[in-house]
Each structure stands twice: as C-alpha cells, then as structure tokens.
Amino acid sequence: MDIYVDSANIEEIKKAKELGLADGVTTNPSLLAKENGRVTEILKDICKEISGPVHAEVLSLDFEGIVKEGKELAKISDNIVIKIPMIKEGLKAVRILKAEGIDTNVTLIFSAGQAILAAKAGATYVCPFLGRLDDISNDGLELLGVIRSIFVNNPDLDTRIVAASIRTPIHVVELSTMGVDILTVPSKVLSQLEKHPLTDIGIEQFAKDAEKFKL
Ligand code: G3P
C-alpha cells in the first residue's frame, strides 16, 4: 500500500516525507491555486523532493489540448503522471499518451462504470473521490470496494486505484483494510491519524512515575 500526499505545498510534502508518508504526491488545480509561484516551478520543486509519482492535472477539455498539455507537463520530470478528467476526450488522450510512454491518472471518478472505461482506455491510475460522494449522501467507501473488486477479478485491467478526497482517519483505516493500492491523504488527516488521547495520558503517566526512580 502506498500513501501519497494530497497537496501542492512543499513544506507539507517534506514533513510527510520525513515520516515515510510520501510515496507520491497528487496535486490538482485547486491545490495549486493555494500556492505562490508558477505552476511549472512548484511542480519542479515537488519532483526534486519526491522520487515517486507526482500527479499534475491538465486544464484542457478537448482531445488535442489534453494531449498537448500532457506532453508539456511530462517534460517537467520523469516522475510526472498526467491527471486527466473523466470525459470522453480525456479517455482518447489517455490512449495516445500511453502509446508515448506517459503515465496517466483519470480523475474525478464517481462510478464503477467510469473506472472500467478509464482502465480500458489504458489509464495507469484511476482516482475515485470518496469524500465528495459522502458529501451528497452516497457511500464513497462502498464505491472504492466495488472498483477494487472489479480490478482484482479482472487482472487484465492493469490500472491502480488512487483513493482521493479522503477526509477522515476512518477513511484511511477502511481503505487500508480493503487493500486499496494507493491512498492520497491531506496533511490534516495525516496529523489526525497520529493523535490518540490515551497515548498522551500514557506518556504523562510514565514521565511522572519515572521521577520516582533513579537511572
Ligand atoms: O486529489 C483531489 C482530492 O483529494 C480532492 O479532495 O477534499 O477537495 O474532495 P476534496
């Protein structure tokens, strides 16, 4: 199981890396908009820090535009993966970029059918957004389970799942239990995973008791 940082912030990425929690990075236009500087430079800095895949999203929505932008982004570094929205034009672009040896991630996946189409188009990764499904009273984790079953039962589909839109530590635990390939986690959730009140109480108690003996 790989854990990626769902962020375009270099400091957050460095902190996650120190804890072994940066097997890769996913960015998107909303995450990049929170940072200062030119997108190309931000992505270059991330690629210098992280040896694993760094996912960068195209803005174009037409086939030619997606292919052109994807090739440009791929020049930034060998570990760039091109994120492409789940639309027909995007699926056509996935095939062309794959033929050129460029890895792709079909993003904004909200149904099992979309995941199948992306996998058949040759996507290296699919990116289902579970939190956004939960937001509209659907069951995001259930969808992840279905997509995982489809990929496990059809090993000819050579596509990895990147579970995205992870909002809580429970999402992380449930996805790990399911055996989802990759979890992309925001740094807030990474911090939440670390905390437990009983750990703090235990440390305090041990420190108090340690005052009673000599080393
Ligand atoms: O990688 C993109 C995805 O994680 C977005 O998350 O919280 O904006 O739905 P969110």
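Scanning region 48-61 for residues that are closer than 23 Å to Leu108 by Cβ, away from the ligand (no atom under 16 Å from the Cβ) and surrounded by fewer than 19 Cβ atoms within 10 Å (Cβ to Cβ) turns up at least one hit.
Counting the residues of region 81-95 that are open to solvent by 10 Å² or more (accessible area, probe 1.4 Å), touching a helix residue (DSSP H, G or I) at 6+ places or on another chain (Cβ under 8 Å) and not charged (D, E, K, R) gives 2.
Looking across region 126-156, the residues that are within 16 Å of the ligand (Cβ to nearest atom) and of a type in the set (A, V, I, L, M, F, W, C) come down to Val126, Cys127, Phe129, Leu130, Leu133, Ile136, Leu141, Leu143, Leu144, Ile147.
I'd like the residue in region 165-190 that is without any contact (Cβ under 8 Å) to a residue 60 or more places away in the chain, of a type in the set (S, T, N, Q) and within 15 Å of the ligand (Cβ to nearest atom) and, out of all such residues, is least open to solvent (accessible area, probe 1.4 Å). Ranking the candidates gives Ser165 first. Using the structure shown, decide if Ala74 is buried (at least 18 other Cβ atoms within 10 Å of the Cβ) and over 18 Å from the mean Cα position of the chain (by Cα). So Ala74 does not fit the description; no. Close Cβ contacts (under 7 Å, 6 or more residues apart or on different chains) running from residues in region 123-134 that are under 17 Å from Lys92 (Cα atoms) to residues that are acidic (Asp, Glu) and more than 11 Å from the ligand (Cβ to nearest atom) comprise Thr124/Asp103. Looking at region 96-114, which of its residues are away from the ligand (no atom under 12 Å from the Cβ), surrounded by 15 or more Cβ atoms within 10 Å (Cβ to Cβ) and without any contact (Cβ under 8 Å) to a residue 40 or more places away in the chain? Result: Ile96, Leu97, Lys98, Ile102, Thr104, Val106, Ser111, Ala112, Gln114. If you check Thr199, Thr159 for being loosely packed, with under 11 Cβ neighbours inside 10 Å and of a type in the set (Ser, Thr, Tyr), only one passes: Thr199.
The values are calculated or read from the model by the stated rules, or taken from the named source; none is laboratory data. Since we're looking at a predicted model, the values are computed, not measured. Neighbour counts are summed over all protein chains in view; Cβ atoms, including those assigned to glycine, are modelled from backbone coordinates with ideal geometry. Surface areas here come from the heavy atoms of the whole protein model, side chains and all, with no ligands, DNA or RNA. Shrake-Rupley method; radii C 1.70, N 1.55, O 1.52, S 1.80 Å.
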